[in-house]
Amino acid sequence: MTDLIEVKTADLVGEALGWAVGMADGLELEMEPPHYNTSWRVFARHRYTVTEQAKRFNPWEDWAVGGPLLQKHNVSLHCPQKDWDYWAAWITENGKDVAQGADLPLPAACRAIVAHKIGDTVQVPKELMP
């Protein structure tokens, strides 16, 4: 395993955000090193009765991955308004609100999931930070 660094949830982007969401969701994660002009990438390992599979885990940019997480974690989204130019995402549970924002809806929702499950700071592999 690589060295972990502490990052504010509000500052998470890209692969580091994917890693944090996977950890918050209890997934078994692995990192794929750079090759063929790519950077480090996050994969989720899924184990079945007879087989296992590692699938790309990029919920901040792929609605097929991130969309079901919004439903699972009851994330509410609010689109940009004239007074602010970012997406807001929040989770309310037991009377407690956790909110995060971003330029796009999926990163905002992913940050809200991480903030709700882990907190305002999270540990991520240093290689995943831009």
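Modelled label positions at TYR48 and ASP11, each set 7 Å beyond Cα in the direction of Cβ, lie 4.1 nm from each other. Put simply, the amide H of ALA54, placed in the peptide plane, has neighbours under 5 Å in HIS46, leaving out anything fewer than 5 places away on its chain. Phi angles of region 5-13 translate, via the Karplus equation with coefficients 6.51, -1.76, 1.60 and θ = phi - 60°, into HN-Hα couplings of 10, 8, 10, 5, 4, 5, 9, 5, 9 Hz per residue; Gly and Pro are given as x. Counting lysine pairs in the chain that sit 8 or more residues apart in sequence, or on different chains, and whose Cα atoms lie under 29 Å apart gives 15.
Taking each DSSP H run with n ≥ 4 as -39500 (n - 2.57) and averaging over every residue of the chain yields -8000 deg cm²/dmol at 222 nm. How much net charge surrounds PRO107 when only the other residues with a Cβ under 15 Å from the Cβ of PRO107 are counted, with Lys and Arg +1 and Asp and Glu -1? Summing Lys/Arg as +1 and Asp/Glu as -1 gives -4.
Under Stokes-Einstein, with the Kirkwood radius over Cα pairs as Rh, the value for region 4-125 at 37 °C and 0.692 mPa s is 221 µm²/s. Just checking the listed ones, ASP83, ASP120, ASP25: in the Gaussian network model of the chain with Cα springs under 10 Å, the one fluctuating most is ASP83. Sequentially through region 76-83, phi angles give Karplus couplings (6.51, -1.76, 1.60; θ = phi - 60°) of 9, 10, 9, 6, x, 10, 5, 7 Hz, Gly and Pro residues having no value and appearing as x. So how do ILE91, ILE5 line up by other beta-carbon neighbours within 10 Å, fewest first? Fewest-to-most Cβ neighbours within 10 Å comes out as ILE5, ILE91. With both labels modelled 7 Å from their Cα along Cα-to-Cβ, the SER76 to TRP63 distance reads 2.2 nm.
Each value in this text was obtained by applying a stated rule to the coordinates, not by laboratory testing. As the structure is a computational prediction, the values presented were derived from the model and not from experiment. Every residue, glycine among them, receives a Cβ derived from its backbone with ideal geometry; neighbour counts consider all protein chains shown.
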